[in-house]
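Let me begin by presenting the structure, written as structure tokens, before commenting on it.
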Amino acid sequence: VQLQASGGGLVQAGGSLRLSCAASASIFSISTIGWYRQAQVKQRELVATVAGSGITKYGDSVKGRFTISRDKAKNTVYLQMNSLKPEDTAVYYCNAEVPLLRTLTYWGQGTQVTVSS
């Protein structure tokens with residue numbers, strides 16, 4: 001299983017970025033895929049996830065600003081981040097939860113998002 005994350009960068013407050021997470025085709029349709037983030041000296045926290053059914057879940061701090069979506073044709077999940085704030089600065093990690101006999105968890109490499117004030 002591979003998760004390839006991309007799209008991080010530096011943006012001014014109020015700006016937008018889009019993160020992409022390309023997953024292995026073998027698990028994409030059955031997995032819940034999403035993003036978590038970890039800022040310095042903070043615990044990793046949920047940003048957003050989307051299940052194979054299309055059901056989405058968002059962390060409270062990003063509701064109304066971020067939108068997660070999945071493209072089945074490209075086996076890719078996107079995180080559109082709008083109205084970015086300096087407190088959104090973190091390393092963002094793509095995550096996949098694969099429901100087999102037991103749930104397997106996979107992590108992609110992190111991508112840095114920096115929002116300047």
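Split the accessible area of the chain by element, probe 1.4 Å, and carbon with sulfur accounts for 49%. 3J(HN,Hα) along segment 59-72, derived from phi through the Karplus expression 6.51 cos²θ - 1.76 cosθ + 1.60 where θ = phi - 60°, amounts to x, 4, 6, 10, 4, x, 10, 10, 9, 9, 8, 10, 10, 5 Hz, with x in place of Gly and Pro. Only Cα pairs under 8 Å and 6+ residues apart enter the sum, and on that basis the relative contact order of the chain stands at 36 percent. The mean accessible area for residues of the chain, using a 1.4 Å probe and ignoring ligands and nucleic acids, is 54 Å² per residue. Estimated from helical segments only, the mean residue ellipticity of the chain at 222 nm is -500 deg cm²/dmol, where each DSSP H run of four or more residues counts as -39500 (n - 2.57). Using only the Cα atoms of segment 3-44, build the gyration tensor, take square roots of its eigenvalues as a ≥ b ≥ c, and label the shape rounded, prolate or oblate: rounded if a/c is under 1.5, else prolate if a/b is larger than b/c, else oblate. Oblate, since a/c reaches 1.5 and b/c is not below a/b. Sorting 98, 41 on solvent-accessible area from highest to lowest, probe radius 1.4 Å, gives 41, 98.
From the convex hull of the Cα coordinates of segment 63-104, what is the mean projected area in square nanometres?
If you wrap the Cα atoms of segment 63-104 in a convex hull and average its projections, you get 4.4 nm².
Stokes-Einstein diffusion of the chain at 25 °C, 0.890 mPa s viscosity, Kirkwood radius from Cα pairs, rounded to a whole number: 174 µm²/s.
Whole-Hz Karplus values for segment 35-52 come out as 10, 10, 9, 9, 8, 4, 6, 10, 7, 5, 10, 5, 9, 6, 9, 9, 7, x Hz, taken residue by residue from phi with 6.51 cos²θ - 1.76 cosθ + 1.60 and θ = phi - 60°; glycine and proline positions read x. Here segment 91-107 is scanned for amide nitrogen atoms under 19 Å from the site 7 Å beyond the Cα of residue 53 along Cα-to-Cβ, giving 96-104.
The values are calculated or read from the model by the stated rules, or taken from the named source; none is laboratory data. The structure presented is a predicted model; accordingly, all values stated were derived computationally and were not measured. Note that we place each Cβ from the backbone using ideal geometry, even for glycine, and neighbour counts take in every protein chain shown. All accessible areas refer to the heavy atoms of the entire protein, side chains included, with ligands and DNA or RNA removed. Shrake-Rupley method; radii C 1.70, N 1.55, O 1.52, S 1.80 Å.
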